[in-house]
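All remarks here apply to the structure that follows.
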Amino acid sequence: MQEAGAPERGPERLRVRCEVRTVWARQPRGAVHDAHPRLRIEIGKRRDGATTFRLVRADGSATWQRHEKPKAAFFPLHDLEHFAVETVLGHSRGFYGLVAEGWELGDFGTPWPRGPMPADMDPSESIVGFLDLERATGVELTADEVNDQLQAKLGERHASVRIAEEELARVRAVVRELHTRWWELPQGETMTLEFDVS
């Protein structure tokens with residue numbers, strides 16, 4: 001297995017730990033992997049059917065939420081899709097990147113205490129929305145359909161964003177792996193991931 005940060009034909013790679021298994025995610029050229037991840041993600045499956053979502057930054061500060069049913073069934077899968085999208089596509093300023101920068105979970109909704117989302121935010125949320133729709137309908141979009149919908153939704157702000165069919169396939173493969181791990185996680189246990197895209 002190749003060491004983290006070692007060049008592989010193409011972009012540098014970053015090791016992203018998902019419990020015991022290793023998932024490789026694209027890292028921007030020249031990025032440095034240090035001993036502390038930008039963000040540690042902990043998704044807990046409680047015995048009462050609720051879930052917990054705790055995000056710990058490199059400086060030790062944290063933000064968290066508890067989800068009751070029906071949100072407890074939706075949000076862990078949605079949050080794992082964010083992890084897949086942001087690590088595979090190298091989105092350093094998606095949802096997890098903003099939390100690593102200091103955003104609190106309560107900042108991502110009404111009354112929007114930090115104001116609107118940053119204009120330079122990566123389009124992770126839109127892509128994850130398409131994955132949520134696929135999960136609900138069972139119909140997969142092609143990369144061209146995703147790109148057309150991104151363009152229609154985001155306009156000129158992200159005109160240069162194009163997702164290749166191979167990238168979309170890698171995202172879906174990581175999503176399937178993470179969802180399977182979540183479904184197999186016993187109640188009372190926590191799934192831990194490290195987000196280190198910078």
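The values are calculated or read from the model by the stated rules, or taken from the named source; none is laboratory data. If you're wondering where the values come from, they're calculated on a predicted model, not measured in any experiment. When we count neighbours, we look across all protein chains shown, and the Cβ atoms used for this are built from the backbone with ideal geometry, even at glycine.
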- [ ] State yes or no: is residue 181 buried (at least 16 other Cβ atoms within 10 Å of the Cβ), farther than 17 Å from residue 123 by Cβ and modelled with pLDDT of 95 or more?
- [x] yes
Open item on the list: Can you tell me which condition residue 74 does not meet? The list is (1) outside any strand (DSSP E or B); (2) touching a residue at least 60 places away in the same chain (Cβ under 8 Å), and all the others hold.
Closed with: (2)
- [ ] Sort out which residues of the stretch 92-105 are of a type in the set (Gly, Ala, Ser) and in contact (Cβ under 8 Å) with a residue 40 or more places away in the chain, and write them in order of number.
- [x] 92, 97, 100, 102
Task: Subset of the stretch 124-147 that is surrounded by fewer than 16 Cβ atoms within 10 Å (Cβ to Cβ) and among the aliphatic types (A, V, I, L, M) - its residue that is farthest from residue 169 (Cα to Cα) - done: 136
Task: The one condition in (1) at pLDDT 95 or above; (2) touching an Asp or Glu at 6+ places or on another chain (Cβ under 8 Å) that residue 197 fails to fulfil - done: (1)
Task: When residues of the stretch 35-45 are limited to those that are buried (at least 19 other Cβ atoms within 10 Å of the Cβ) and closer than 20 Å to residue 176 by Cα, the one nearest to the chain's Cα centre (by Cα) - done: 41
- [ ] Would you check which residues across the stretch 77-94 are over 8 Å from the mean Cα position of the chain (by Cα) and in a helix (DSSP H, G or I) and list them?
- [x] 77, 78, 88
Task: Residue satisfying all of: in the stretch 46-98; touching a Ser or Thr at 6+ places or on another chain (Cβ under 6 Å) and under 19 Å from residue 186 (Cβ atoms); surrounded by the fewest Cβ atoms within 10 Å (Cβ to Cβ) among these - done: 66
Open item on the list: Between 97, 106, 102, which is in contact with a strand residue (DSSP E or B) (Cβ under 9 Å, 6 or more places away or on another chain), assigned to a loop (DSSP other than H, G, I, E, B) and not hydrophobic (A, V, I, L, M, F, W, C)?
Closed with: 102
